[in-house]
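Below: one structure, written as structure tokens.
The values are calculated or read from the model by the stated rules, or taken from the named source; none is laboratory data. Since this is a predicted model, take the numbers as computed values, not measurements. Positions of Cβ are backbone-derived with ideal geometry, glycine not excepted, and every protein chain shown enters the neighbour counts. Only protein heavy atoms, including side chains, enter the accessible area calculation; ligands, DNA and RNA are left aside. Shrake-Rupley method; radii C 1.70, N 1.55, O 1.52, S 1.80 Å.
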Number of protein chains: 2
Amino acid sequence: MTLLTPDQLEERLRQIGAERYHNRHPFHRKLHDGLLTKQQVQAWALNRYYYQASIPAKDATLLARLPTTDLRREWRRRIEDHDGTGPGTGGVERWLVLTDGLGLDRDYVQSTEGLLPGTRFAVDAYVHFVRDRSILAAIASSLTELFSPKIISERVSGMLRHYDFISEETLAYFTPRLTQAPRDSDFALAYVREHARTPEQQQEVLSALEFKCSVLWSMLDALDYAYVDGKIPPGAFVP
Amino acid sequence: MTLLTPDQLEERLRQIGAERYHNRHPFHRKLHDGLLTKQQVQAWALNRYYYQASIPAKDATLLARLPTTDLRREWRRRIEDHDGTGPGTGGVERWLVLTDGLGLDRDYVQSTEGLLPGTRFAVDAYVHFVRDRSILAAIASSLTELFSPKIISERVSGMLRHYDFISEETLAYFTPRLTQAPRDSDFALAYVREHARTPEQQQEVLSALEFKCSVLWSMLDALDYAYVDGKIPPGAFVP
């Protein structure tokens, strides 16, 4: 292992995104290309809800470990983005607008009863990672947001074009993310460029991003297997 | 919710096994029926290794929480079964005899580098469950062993019959399990029959067994998707 410059480290991180980010997953291509049924899109939105709803818990777990006012203030904003400033606001609520628009019962969605076990285990692994690993690794694991504006643009335009059950209103979740994600990833990227100062720390940062890519990827593995291949596990949502 | 008698509780537990135990999974049927290639059996043994290797950690996590000498002595025996009484003994070692016999490099297997993320997340979820939930739920989550002698008999006879790369020696892991599993599950079943004394506790026991079934089931989902459907995620073992 050799010490990389900050630019080389960033290049390696972007390379991981190019190879492992879930925009390359077959389920994702099908979602964007209009090849899924409404029921399959329901399953995606229902399962992805658990990810959205767990992100504030993930961020609060990290917030509780951050050592300075500046870092905590920066990270607290992420929780505000997702939990909002009052009832009916914030990203989690906007995700429920999507599940509402797809005809899913809100209580059922929030109960997470019909979740795929693969979704639950992957999302919980992310929360545990942020709790158990170094602060550097925890911050680095958020760096998938470097790649999310591209996938969001593809997703919004593709879904609006292909599905008559999807409207701009039901996709309202994604609009603020186009500005929030770059702001957040700019901060996280600057942090890891500055704080990964040994080859070991740089490896930790690279591994954290690979881990996070595998969380998002395996959520789509589980969806594709259950709802495209039709092998729904016992107890999960049956459309 | 109504209070069940111990017999009724046991009947509900056995019902969960009949509906959700992984002997019903399509990958399992293919494994036993000789429909897999050697490479696919390698992928199964490689991924299942992480489960085997994590079981002593799971049991030690629970051991550390048990309140009495009697309970700890009972539970300690499980760790002895898996870790053995000296080098080259115990269940984890016997699993490596299987991966050796399948031609996998032992260092590679033990590194868990090629593991499917779905395997890692499911197995880690089991260890975390035993750490975070009540002792009653943690003990109940081991009750899949009620159903394992049947699957082991099917597995051993089916695999010996169908695969020329499998021998009695490579399947040596399973022989002691035919006596260990019933002994262990007898204890756990008696424990939950005695200690689940309210409807809420009984529900906790039933949910714990459902959870554990979903751990085993989702491991096979990930294998079937990656190695039978051919959608291997980035970074995982490529046969």
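Values as computed for the structure displayed
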| read-out | value |
| --- | --- |
| Members of the stretch A:53-68 that are assigned to a loop (DSSP other than H, G, I, E, B) and in contact with a helix residue (DSSP H, G or I) (Cβ under 7 Å, 6 or more places away or on another chain) | A:Arg65, A:Leu66 |
| Residue that is nearest to the other protein chains (Cβ to nearest Cβ) [pool: residues in the stretch B:187-201 that are touching a Ser or Thr at 6+ places or on another chain (Cβ under 9 Å) and open to solvent by less than 50 Å² (accessible area, probe 1.4 Å)] | B:Pro199 |
| Single unsatisfied condition, B:Asp229 versus (1) away from chain A (no Cβ under 14 Å); (2) modelled with pLDDT of 95 or more | (1) |
| Scan of the stretch A:98-128 for residues that are within 14 Å of chain B (Cβ to nearest Cβ) and not in a helix (DSSP H, G or I), ordered by number | A:Thr112, A:Glu113, A:Gly114, A:Leu115, A:Leu116 |
| Odd one out for A:Glu210, checked against (1) open to solvent by less than 50 Å² (accessible area, probe 1.4 Å); (2) touching a residue at least 12 places away in the same chain (Cβ under 8 Å); (3) within 14 Å of chain B (Cβ to nearest Cβ) | (1) |
| Any hit, the stretch A:69-87, residues being within 14 Å of chain B (Cβ to nearest Cβ) and either open to solvent by 10 Å² or more (accessible area, probe 1.4 Å) or assigned to a loop (DSSP other than H, G, I, E, B) (or both) | no |
| Every residue from the stretch A:1-28 that is outside any helix (DSSP H, G or I), at pLDDT 95 or above and of a type in the set (S, T, N, Q) | A:Thr5 |
| Tally of residues being aromatic (Phe, Trp, Tyr) and either surrounded by fewer than 14 Cβ atoms within 10 Å (Cβ to Cβ) or under 20 Å from B:Asp132 (Cα atoms) (or both) across the stretch B:32-68 | 1 |
| Flag if B:Ala64 is farther than 23 Å from B:Tyr225 by Cβ, among the aliphatic types (A, V, I, L, M) and without any contact (Cβ under 8 Å) to a residue 12 or more places away in the chain | yes |
